[in-house]
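Below is one structure; the comments refer to it alone.
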Amino acid sequence: MMEPQTITPISVGDVVRKVEQAKKDGNRLVQIGCTKIEDNFEILYVFDKDYKLTNYRVTVKQTDEIPSISGVYFGAFVYENEIHDLYGIHVKGINIDFKGTFYKTVVKHPFSVTITKEDDACQNK
Amino acid sequence: MSKQITIPFGPQHPVLPEPLHLDLVLEDEKVVDVIPTIGYVHRGLEKLVEKREYTEYVFIAERICGICSFIHSQTYVQGIEQIMGLEIPERTQYLRTIWSEYSRLHSHLLWLGCFADSMGFESVFMNAWRLREHILDDLEATTGGRVIQGVCKVGGVRRDISPEKLDEMVKGLKGIEHQLQDLTNVFLHDSSIQHRLKGIGVLSKEDAYYFGAVGPTARGSGLAIDIRETGYAAFGKINFKPVVEYDGDCYARCAVRAKEMFTSIDIIEQCVKKIPDGPVDMKVTGAPDGEYLSRAEQPRGEVIHYIKGNGKKNLVRHRVRTPTFTNIPPLVTLLKGCELADVPVIVLTIDPCIGCAER
C-alpha cells in the first residue's frame, strides 16, 4: 500500500498566503486540478517535498474569482488557464493569460456540465 | 535594442510529430520571449469517467498516450486499488514493474531515434528503432499488444509470464545491451552532437524545481526526482539509483535518457530474479469511495492520476497531470536567450508528448 494522503480545506482568501508558505518550505508545485461536485467546484493545489504531498483544497462557485498563484510559481499558468477554459472559473492575475484560448473547444467550458448516460446520443441509438 | 519580430514555431514542424505551437519573440536571431500554445488535439478523455464504469475506464486511461500507455493504466488502477484498500498479489506488482520498464526502454529508444533523425544522424535513428523492435516484440509476446497492452486491470493483471519466458526476456535484453552501449557511446561521444548540445538550453537546478520540471528534464539539471523511489509497484524491493546529470543543458538531458535505459535493463533483471510465484489477480467487488493522487514515473517524468469516487460505478473525477504538461513552463524558460537555430533541438530534449498533454 502507498502512503496515506490528507487534503486540507482552505478559504479563497488564504490561497496565496498558503502557497507562498509552501514555497518558503521548499515545496514544488505538482499540479492544480478542479473537480465539479454538484454546483460547487473544488480546486486542489498539490505540492511535494521529498516525495511527501501537501494538498490544499478551496471550494468555490463558478461565479467566484480565485487568485492566480503564478506570481509565486511561474508554471502555475498552465493549470490556471486550463481551469478557466474547461470549467469557466475566473482566475485573477495569471502571468500568461490566454483569455480563454488555451483549449479551443466547441462547447464553452465543457467540464462545467455533468453528462449523464441519457444525454449521450451515441449510446442511445 | 534591435527590432523585435514574432515568428511561429509549429504546430506543424519537421521535428514535431505532434502539434505544439510556440510564438518566438526574436531580437535578431536571439529568442527573447516565448508564448506556448497547446490545445490543438485536446480530447477531453477525463470527461468519459461520467459515461464508463471504473473498471471499463482502464482501457481509456491506457489510450491517453501511445507511448506511455501501460504506465497510464498502471497508475490509474493503483489509484483505484488504493481507494478500495486492495492488497494485490505480489507477483502482479513485479509484472507491472517489468512492463513499465519495458515501456521506458521503448519510449527512450523512440526518442533517441527521433532526436538523432532531427539532427541528420540517420544511422543512430535506424539502429535505435531496430533495437526498439526487440522491446516491442517482447511486449507483444507477453501482453498481446505492441502499443496498447491492455494487460492491467483493477485488482491485478490479465496475463502472467512463464518463468521460461522471463529468463528468455533477460537473455534477450543482455543480448542487445552491448549494442545499446555501442549506440549510446556513438551518440554521446560524437563531436557534432556535443557541439550542438553542450551549453545549449541551460535550465538551472532551482528553475527546474520551482518551474515544475520532472523526469529527465529535472534530472538533467541535478534534481534527483524519480517517483520510482517512493516504492510503488515492486520498486520498493529493487535496488536502483536515479540517473542524474548536473549541467542542465541539452546534452545532460540526453545523457540522462541514454543512461536510464541501462537502469531499466538492470531493474528488469532484478525483478526476474525476485518475482515470487502466486496469483496475478484478485476478485474485486464494490466501487471506489474516496479520493487519491496516484503517482508513477513515466519515461518523461512524474505522472499523476487524481481519482475521486463516491461509491458508485462511475467515478466523480479522473484528472491526469502528465509530465509534458508540467514541462511546458520549464521549456519556456530554457528557450529564452537561445539562438533561433537551436529551438528545435531544445524542444526535443524535453521529449514532448503532446498526446499525453492533450489527454
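Projected onto its three principal axes, the C-alpha set of the range B:214-300 covers 50, 34, 15 Å, listed from the longest axis down.
The ratio of the alpha-carbon radius of gyration of the range B:1-42 to the globular-protein estimate 2.2 N^0.38 Å is 1.28. Rounded to the nearest 0.05, the FRET efficiency derived from the C-beta distance between B:LYS165 and B:GLU56 at R0 = 25 Å is 0.30. What shape does the range B:57-112 take by its C-alpha gyration tensor, where a ≥ b ≥ c are the square roots of the eigenvalues and a/c under 1.5 counts as rounded, a/b above b/c as prolate, and the rest as oblate? Oblate shape, in that a/c is at least 1.5 and b/c is the bigger or equal ratio. In terms of modelled amide H atoms, which long-range or inter-chain residues lie less than 5 Å from the amide H of B:LYS153? Long-range HN contacts for B:LYS153: B:ARG158.
Over all residues in B:222-231, what is the mean tally of Cβ atoms on other chains that come within 10 Å of each residue's Cβ?
Numbers: counts 0, 1, 0, 4, 1, 2, 0, 2, 4, 3.
The shielding value for this peptide is 2.
Amide H to amide H, with H built 1.01 Å from N, B:VAL32 comes under 5 Å of B:VAL25, B:LEU26, B:GLU27, B:GLY337, counting only residues 5 or more places away or on other chains.
For B:LYS274, a cut-off of 20 angstrom between C-alpha atoms picks up these aspartates and glutamates, skipping any fewer than 8 places away in its own chain: B:GLU87, B:GLU90, B:GLU101, B:ASP138, B:ASP160, B:GLU164, B:ASP167, B:GLU168, B:GLU229, B:ASP266. Annotation: amide H of A:THR54 within the under-5 Å range of A:PHE47, A:ASP48, A:LYS49, sequence separation 5 or more or interchain, hydrogens built in the peptide plane. Place a point 7 Å from the Cα of B:LYS274 along the Cα-to-Cβ direction; which residues of the range B:212-238 have their backbone N under 20 Å from it? From the range B:212-238, the list is B:225-238.
Working note: 222 nm ellipticity from helices only, DSSP H runs with n ≥ 4, each -39,500 (n - 2.57), summed and divided by the residues of chain B, gives -15000 deg cm²/dmol to the nearest 500. Rounded to the nearest whole angstrom, the semi-axes of the ellipsoid equivalent to chain A, taken from the Cα gyration tensor as √(5λ), stand at 28, 18, 13, largest first.
Bridging of B:LYS30 to lysines at a Cα separation below 17 Å is possible for B:LYS3, B:LYS336, once same-chain residues fewer than 8 apart are set aside. Scalar couplings 3J(HN,Hα) for the range A:22-28, obtained by applying the Karplus form with A = 6.51, B = -1.76, C = 1.60 to θ = phi - 60°, are 4, 5, 4, 6, x, 7, 9 Hz; x denotes Gly and Pro.
Derived scalar couplings between HN and Hα for the range B:281-286 equal 8, 9, 6, 10, 10, x Hz in order, rounded to whole Hz, by the Karplus curve 6.51 cos²θ - 1.76 cosθ + 1.60 (θ = phi - 60°), x for Gly and Pro.
Restricting attention to the range A:7-113, the count of lysine pairs at 8 or more positions apart or across chains with alpha carbons under 24 Å apart stands at 23.
Computed extension length for B:THR6-B:GLU140: 43.6 nm, one decimal, from 0.36 nm per residue of separation with the Cα-Cα distance subtracted. Computed from the Kirkwood radius of its Cα pairs, the Stokes-Einstein diffusion coefficient for chain B at 37 °C and 0.692 mPa s stands at 157 µm²/s.
For the range A:31-39, putting each phi into the Karplus relation 6.51 cos²θ - 1.76 cosθ + 1.60 with θ = phi - 60° gives couplings of 5, 10, x, 10, 9, 8, 10, 6, 8 Hz, in residue order, rounded to whole numbers and with x for Gly and Pro. Of the residues B:THR349, B:THR217, the one with the fewest other Cβ atoms within 10 Å heads the list, and the complete ranking is B:THR349, B:THR217.
How many percent of the alpha carbon pairs in the protein assembly as shown exceed a separation of 29 Å? Could you put the intermediate results ahead of the total?
Numbers: 56321 of 116886 pairs.
Here the long-distance tail beyond 29 Å is 48 percent of all Cα pairs in the protein assembly as shown.
For the range B:193-259, which chymotrypsin sites (Phe, Trp or Tyr not before Pro) are both in a DSSP coil and crowded by at most 16 other Cβ atoms within 10 Å?
Values: sites: B:TYR209, B:TYR210, B:PHE211, B:TYR232, B:PHE235, B:PHE240, B:TYR246, B:TYR251; in loops: B:PHE211, B:TYR232, B:PHE240, B:TYR246.
Within the range B:193-259, the qualifying chymotrypsin sites (Phe, Trp or Tyr not before Pro) (loop, at most 16 other Cβ atoms within 10 Å) are B:PHE240, B:TYR246.
No value in this document is a laboratory result; all are computed from the given coordinates. If you're wondering where the values come from, they're calculated on a predicted model, not measured in any experiment. In this analysis, Cβ positions are derived from the backbone assuming ideal geometry, glycine residues included, and neighbour counts consider all displayed protein chains.
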